[in-house]
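> One structure, pasted below without further comment.
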Amino acid sequence: MSGSQPARRAPREPIRLFACTLATPLGGFVTVVDTQGRLRAAEFEDRPERLERSLLLRFGREGHRLERDAGTNTISMALESYFAGDIRAIDSIKTVLDGTPFQNSVWAALRTVEAGAPISYATLAARIGRPETSRAVGHANGTNPFSIIVPCHRLVGSNGALTGYGGGIERKRWLIDHEARAGACCSQVESHGVAHNRQNQSDRP
């Protein structure tokens with residue numbers, strides 16, 4: 001008995017991704033963007049296995065084509081500003097969150113953690129309304145595909161101790177210290193500006 005065969009779907013074109021390597025105080029840093037300039041992954045250059053695993057999990061071996069991009073894009077410029085002391089420069093970088101719903105909620109919440117003020121895994125779990133999931137938050141944090149930009153380095157242990165970090169503990173310590181120093185400088189500048197404005201107002205007749 002013959003019957004009609006279901007039409008085969010045409011294979012999807014692999015997504016084109018472009019990798020750019022930026023020199024930073026912490027070593028080479030690779031950003032991966034799509035054709036729309038949106039960030040799809042970011043990892044330290046000496047952690048190629050983490051970058052490859054992240055891309056394979058989300059796109060599959062045949063689902064993406066990674067090309068080198070020697071040009072400077074807006075993401076690289078934002079990162080350069082970040083390392084120069086403008087720690088808020090990375091806040092405007094657009095990312096595509098394509099993990100599980102829980103992972104996406106954790107990664108989105110990480111971007112709300114204030115630079116220079118690390119919090120615990122339990123605190124982040126409470127922020128997303130899942131206080132019982134601190135261990136799962138830790139796992140999602142460890143699989144974050146957007147190092148630095150989605151600041152998983154801003155999570156610490158409940159006692160304030162530095163815990164694991166994909167890029168290495170020394171890098172985590174450097175990033176936390178860098179953000180604390182830059183944040184203190186920003187606060188001093190803002191405080192000086194407020195005091196200066198008040199002085200100007202008091203000098204008016």
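The values are calculated or read from the model by the stated rules, or taken from the named source; none is laboratory data. Note that the coordinates shown come from a computational prediction; the quantities given were computed from them, not determined experimentally. Positions of Cβ are backbone-derived with ideal geometry, glycine not excepted, and every protein chain shown enters the neighbour counts. We work out accessible area using only protein heavy atoms, side chains counted, and drop any ligands, DNA or RNA first. Shrake-Rupley method; radii C 1.70, N 1.55, O 1.52, S 1.80 Å.
> What are the residues in segment 68-80 that are surrounded by 14 or more Cβ atoms within 10 Å (Cβ to Cβ) and without any contact (Cβ under 8 Å) to a residue 40 or more places away in the chain, if any?
Selection gives 78 alone.
> Given the residues 144, 104, which is the only one that is modelled with pLDDT of 95 or more, polar (S, T, N, Q) and more than 23 Å from residue 28 (Cβ to Cβ)?
Being modelled with pLDDT of 95 or more, polar (S, T, N, Q) and more than 23 Å from residue 28 (Cβ to Cβ) holds for just one of 144, 104, which is 104.
> Which one is farthest from residue 81 (Cα to Cα), of the residues in segment 15-47 that are open to solvent by less than 40 Å² (accessible area, probe 1.4 Å) and among the hydroxyl-bearing types (Ser, Thr, Tyr)?
Once the filter is applied, the top-ranked residue is 31.
> Next question. State which residue is surrounded by the most Cβ atoms within 10 Å (Cβ to Cβ) when the search covers only segment 139-164 and only residues that are over 15 Å from the mean Cα position of the chain (by Cα) and within 28 Å of residue 46 (Cβ to Cβ).
156
> Would you say residue 51 is part of a helix (DSSP H, G or I), among the hydrophobic types (A, V, I, L, M, F, W, C), more than 20 Å from residue 92 (Cα to Cα) and open to solvent by 60 Å² or more (accessible area, probe 1.4 Å)?
no
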